[in-house]
Amino acid sequence: MSIRMGNMIIISEEMPQQCDDCGKIDELRPYGKNGAKICFDCGMKYPKIVKHNMNIILFGGKGELLW
């Protein structure tokens, strides 16, 4: 689980799961459509969307999750 502690983000390793986008078994992050858990490769398909969603989830950015 990735957490924010003050101005610091701690990203810890996650157990492999099935990617909501491609089905691959891998370490996932909740930066996909409406917080869907996606693998790194799927995240790299949509870098602007993932960056936006990461900003909201990790940094408390304003707006809604995209996809």
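The values are calculated or read from the model by the stated rules, or taken from the named source; none is laboratory data. Everything numeric in this text was worked out from a predicted model, so none of it was measured. Here the Cβ is made from the backbone with ideal geometry for all residues, glycine too, and neighbour counts use every protein chain on show.
Structural remarks
- L66, sole failed condition from (1) at pLDDT 85 or above; (2) touching a His at 6+ places or on another chain (Cβ under 6 Å): (1)
- Residue list for segment 23-67, filter: within 22 Å of R4 (Cβ to Cβ) and among the hydroxyl-bearing types (S, T, Y): Y31
- Residue count for segment 35-50 under the criterion of being exposed (fewer than 13 other Cβ atoms within 10 Å of the Cβ) and either in a strand (DSSP E or B) or within 9 Å of the chain's Cα centre (by Cα) (or both): the result is 0.
- For segment 18-51, a residue qualifies if it is among the polar types (S, T, N, Q) and without any contact (Cβ under 8 Å) to a residue 12 or more places away in the chain, and exactly one does: Q18.
- Among the residues of segment 18-34, those that are part of a loop (DSSP other than H, G, I, E, B) and within 22 Å of G63 (Cα to Cα) comprise P30, Y31, G32.
- Checking segment 9-17 against the condition returns a match, with at least one residue being out of contact with any Phe, Trp or Tyr (no Cβ under 8 Å at 6 or more places or on another chain), at pLDDT 90 or above and part of a strand (DSSP E or B).
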